[in-house]
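Have a look at the structure below, then the notes.
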Amino acid sequence: MEIWKESQIKQLTFATRIDTAYPILLTFAKNIGFQFCGISITSPDRNTLQKPLRFNNYPPAWNKQYEEESHWEFDPVVTHCTRSMLPISWSKELFSKTPQLWKSLKDQGLEHGWSQSFHHEESGLCSILSLARPHCPITSIELYEHFGYMLYVTRHLSELFASTLPSRPEKARPPRLSAREVEVLKLCACGKTAYETARILSLSERTVNYHVQNVIVKMNVCNKISAVIAAAKAGII
């Protein structure tokens, strides 16, 4: 790795906020041949982020249009990046379903660009790093050479923003049912009575009712039907 790259990557690593990391990233982007650099952070949970958080040095006219017309809702780059962490090059084909958006990119000098995403599992955030320039198509060699740096940086930025969010409550774990309780519950789900279940499992009807009652208590519900529904939702049956 060239000395300047190592130095700037270290600076980015030591940055503790996105607003301090971004200027370092912008310098790095310009040093590898890109005039424009943008960070977009999205979340499928509207309670976490109602709309993407964006940092960039794109032309003001583009940012205004993008915000006013809510382009992130149908931007093919965002669509790809929320589904995959593979890099994506901007092209006319990529924007074939949104030709006006492609025209606007070209008009604003953002024609040649590519994006890299990172999906932060704990917070559910998707961080997207984009680089663009008004001239010179991006070659596959460029993508190969810079992919590792960009993935590392995008991951770091994702961690920085995630650290500012309140801790997410842990999902309640489903109760632990015995193998016999699961068997009884599955037969209940099929509409079998306690008598029928007892005959099928070679148990007494009293034992079957005992297992059903245990499941009701463990699932914290009030009756057998509610226990079946709760177990199905939890993926137990």
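The values are calculated or read from the model by the stated rules, or taken from the named source; none is laboratory data. A quick note: this is a predicted structure, and the numbers were derived from the prediction, not measured. Because the Cβ atoms are built from the backbone with ideal geometry, glycine has one as well, and the counts that use them run over all protein chains shown.
Output the residues belonging to the range 118-160 that are modelled with pLDDT under 85 and touching a Leu at 6+ places or on another chain (Cβ under 8 Å). Passing the criteria: only SER123.
Out of all the residues in the range 79-107, which are in contact (Cβ under 8 Å) with a residue 40 or more places away in the chain and farther than 19 Å from TYR66 by Cβ? Those that are in contact (Cβ under 8 Å) with a residue 40 or more places away in the chain and farther than 19 Å from TYR66 by Cβ: MET85, PRO87, SER89.
Here SER70 qualifies as out of contact with any helix residue (DSSP H, G or I) (no Cβ under 6 Å at 6 or more places or on another chain), more than 19 Å from GLN35 (Cα to Cα) and free of Cβ contacts under 8 Å to residues at least 40 places away in the same chain.
In this structure, does ASN63 turn out to be touching a residue at least 40 places away in the same chain (Cβ under 8 Å) and either hydrophobic (A, V, I, L, M, F, W, C) or surrounded by 14 or more Cβ atoms within 10 Å (Cβ to Cβ) (or both)? Here the answer is no, as ASN63 does not meet what is asked. Once the range 131-153 is narrowed to residues that are in contact (Cβ under 8 Å) with a residue 60 or more places away in the chain and assigned to a helix (DSSP H, G or I), the residue that is nearest to the chain's Cα centre (by Cα) is LEU151. Of the conditions (1) surrounded by 12 or more Cβ atoms within 10 Å (Cβ to Cβ); (2) assigned to a helix (DSSP H, G or I), LYS192 clears all except one; give me its number. The failed condition is (2).
Taken over the range 205-223, the criterion of being more than 10 Å from VAL184 (Cβ to Cβ) and either in contact with a helix residue (DSSP H, G or I) (Cβ under 6 Å, 6 or more places away or on another chain) or acidic (Asp, Glu) (or both) is satisfied by GLU205, ILE216, MET219, VAL221.
Looking only at the range 198-224, which residues are under 22 Å from PRO175 (Cα atoms) and hydroxyl-bearing (Ser, Thr, Tyr)?
Taking the range 198-224 first, the residues under 22 Å from PRO175 (Cα atoms) are 207-224.
Those that are under 22 Å from PRO175 (Cα atoms) and hydroxyl-bearing (Ser, Thr, Tyr): THR207, TYR210.
The residue that is surrounded by the most Cβ atoms within 10 Å (Cβ to Cβ), among those in the range 13-29 that are in contact (Cβ under 8 Å) with a residue 24 or more places away in the chain and within 14 Å of PHE161 (Cβ to Cβ), is LEU25.
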